[in-house]
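Some notes on the structure that comes next.
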Amino acid sequence: MKITEVRLGKISVPLRVPFKTALRRVDSVEDVIVEIVTDTGHKGYGEAPPTGVITGDTTDAIIGAIRDHISKKIIGLDIDNFEDVIQEVQSSIVHNSSAKAAVDMALYDLYGQLFNIPVYKLFGGARKSITTDITISVNDPETMAHDAINAIERGYDTLKVKVGVDPSLDVSRLSAVRNAVGNNVRIRIDANQAWTPKEAVRILNSMQEKGLNLELVEQPVKAADIEGLKFVTERSYVPVLADESVFSPEDALKIMQYHAADMINIKLMKCGGLYNALKIIAAAEIYGIECMLGCMLEAKISVNAAVELACAKKIITRIDLDGPVLCSEDPIMGGAVFNEKDITVSDAPGMGIKGIEEGRLMYI
């Protein structure tokens, strides 16, 4: 099964409601699609969202990295020599983790097809279904409470609440959400690097003292401030999840060794794909650090790849793969079934993606 062509396209999928965090506002998913074709007629699919404010990867950068660097290294290679192919992807260009992730997942899709096995079984096959949280964007307290109630009515029992825009309002925001949904709903919060270490400790402990009962806080301080992250982890009543601080397996290992966070959030777009995500998972298993598997604002192809991984490994104990359910429609055929909070992985070979609805993919 030799690689003969790497095709690129763009897809646009509107969101149900605008997505707002401490870092950005997004109204629609605008992703780059990768389609790797082989001499046997098989196709592998990958996807990457431009998330410049987090990964530094813009649409043009993703396209350029794949077209000018990665594809030139892998065309003509045989999927059966998988380690060599993946190494070519990772060494073809520095950084550009989203471009690498999109190609990486397309290659794993083909590798599973080569041996007629779903990727989640290839990785371990721990379970067939998972349950995701859903994100509540940062807004005024009343709007956030309304959005939280809507999520509960749709069947969700875990909310990921965005905070960090105007820290003085964050306690009021969370109080409004908690009062709206009651005490039986899990609430985890994401500050997206918005607070200083001392500010984070003050706000988090105030929230717990008010009985908000938060499950965890995601990335309370700047990504590069590992000392600050450790400061919060040691003093906060709320368990700390490292997100933007973890791009590479080396980043994850440093945080584990330094005890800078209680948990690690793995995102394929940050670490460069499944190949590196497996390395982070191996380290987490050694250190006994539980992991969340998360996503950016992505459509179904790339989130589907994360579902394959989440269903493979028991060390992944929390799921934040709500990208497709935040979208107002799903033009992707095949793959995992997203039934609001309940996600069931496909048993089709590879990733199970069959293609994209006619007219929705613009080849470039």
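Helix check for the chain. Which DSSP H runs span at least 15 Å along their own axis by Cα, with a mean Kyte-Doolittle hydropathy no less than -1.0?
Details: long enough: 97-114 (25 Å, 0.32); 141-153 (18 Å, -0.25); 170-181 (17 Å, 0.20); 197-209 (18 Å, -0.66); 274-287 (20 Å, 1.06).
In the chain, the long hydrophobic H runs are 97-114, 141-153, 170-181, 197-209, 274-287.
Nearest 20 debye, what's the magnitude of the dipole of the range 77-187 about its Cα centre given +1 on Lys and Arg Cβ and -1 on Asp and Glu Cβ?
Numbers: 10 positive and 15 negative charges, 109 e Å.
Using Cβ point charges on Lys, Arg, Asp and Glu, the range 77-187 gives about 520 debye.
For Lys254 and Arg186, calculate 0.36 nm times their separation in residues minus their Cα-Cα distance, and state this gained length in nm to one decimal. Write out the running numbers ahead of the final one.
Working: separation 68, 0.36 × 68 = 24.48 nm, distance 2.90 nm.
Gain in length upon complete extension: 21.6 nm.
So for the chain, taking the charge dipole from beta-carbon charges (+1 Lys/Arg, -1 Asp/Glu), which of Met351, Met207, Ala282 sits furthest toward the positive end?
Met207
What length, rounded to one decimal in nm, is gained on full extension from Ala224 through to Thr131, with 0.36 nm per residue of separation minus their alpha-carbon distance?
On the way: separation 93, 0.36 × 93 = 33.48 nm, distance 3.06 nm.
Taking 0.36 nm per residue and subtracting the Cα distance, the gain is 30.4 nm.
Obtain the nm distance between the two label points defined at Phe115 and Asn213 by a simple spin-label model: each point lies 7 Å from its Cα along the Cα-to-C-beta direction.
4.4
Taking the Cα centre of the chain as origin and charging only Cβ (+1 Lys, Arg; -1 Asp, Glu), how large is the dipole, in debye to the nearest 20? It would help to have the intermediate numbers written out before the result.
Values: 39 positive and 51 negative charges, 91 e Å.
For the chain, the charge dipole is close to 440 debye.
Starting with the fewest neighbours, write out Thr135, Thr344, Thr38 ranked by other beta-carbon atoms found within 10 Å of each beta-carbon. Can you show the working numbers first?
Details: Thr135 22, Thr344 15, Thr38 18.
Ascending Cβ contact count within 10 Å gives the list Thr344, Thr38, Thr135.
Listing Ser236, Ser98, Ser172 from the residue with the fewest other Cβ atoms within 10 Å to the one with the most, what is the order?
Working: Ser236 23, Ser98 34, Ser172 14.
Listed from fewest to most nearby Cβ atoms, that is Ser172, Ser236, Ser98.
At what distance in nm do the modelled label points of Ser206 and Glu142 sit from each other, each positioned 7 Å from its Cα along Cα→Cβ?
2.2
Along each principal axis of its Cα atoms, how long is the range 121-355 end to end? Whole angstroms, biggest number first, please.
In descending order, the Cα extents are 49, 41, 24 Å.
Give me the extension gain from Asp68 to Asp80: residue separation times 0.36 nm, minus the current Cα-Cα distance, reported in nm with one decimal.
Working: separation 12, 0.36 × 12 = 4.32 nm, distance 2.39 nm.
Result: 1.9 nm gained on full extension.
Using θ = phi - 60° and the Karplus relation 6.51 cos²θ - 1.76 cosθ + 1.60, list the HN-Hα couplings for the range 326-341 in order, rounded to whole Hz, with x at every Gly or Pro.
7, 7, 7, 7, 10, x, 8, 9, x, x, 5, 9, 9, 10, 6, 6
Nothing charged except the Cβ atoms of Lys and Arg (+1) and of Asp and Glu (-1): what's the magnitude of the dipole of the range 169-278 about its Cα centre? Round to the nearest 20 debye. The partial results should precede the final answer.
On the way: 13 positive and 14 negative charges, 57 e Å.
That gives the range 169-278 a dipole magnitude of about 280 debye.
What is the set of long-range amide H partners of Asp190 at a cut-off below 5 Å, with H atoms built 1.01 Å from backbone N?
So Asp190 has HN proximity to Val161, Lys162, Val163, Glu218.
Would you mind ranking Asp347, Asp322 so that the residue whose beta carbon has the fewest other beta carbons within 10 Å leads the list?
Details: Asp347 11, Asp322 25.
Ranking Asp347, Asp322 by Cβ neighbours within 10 Å, fewest first, gives Asp347, Asp322.
Throughout, read-outs are computed from the coordinates displayed, never taken from laboratory work. No experiment lies behind these values; they were computed from the predicted model shown. Note that each Cβ is placed from the backbone with ideal geometry, even for glycine, and that neighbours are counted across all protein chains shown.
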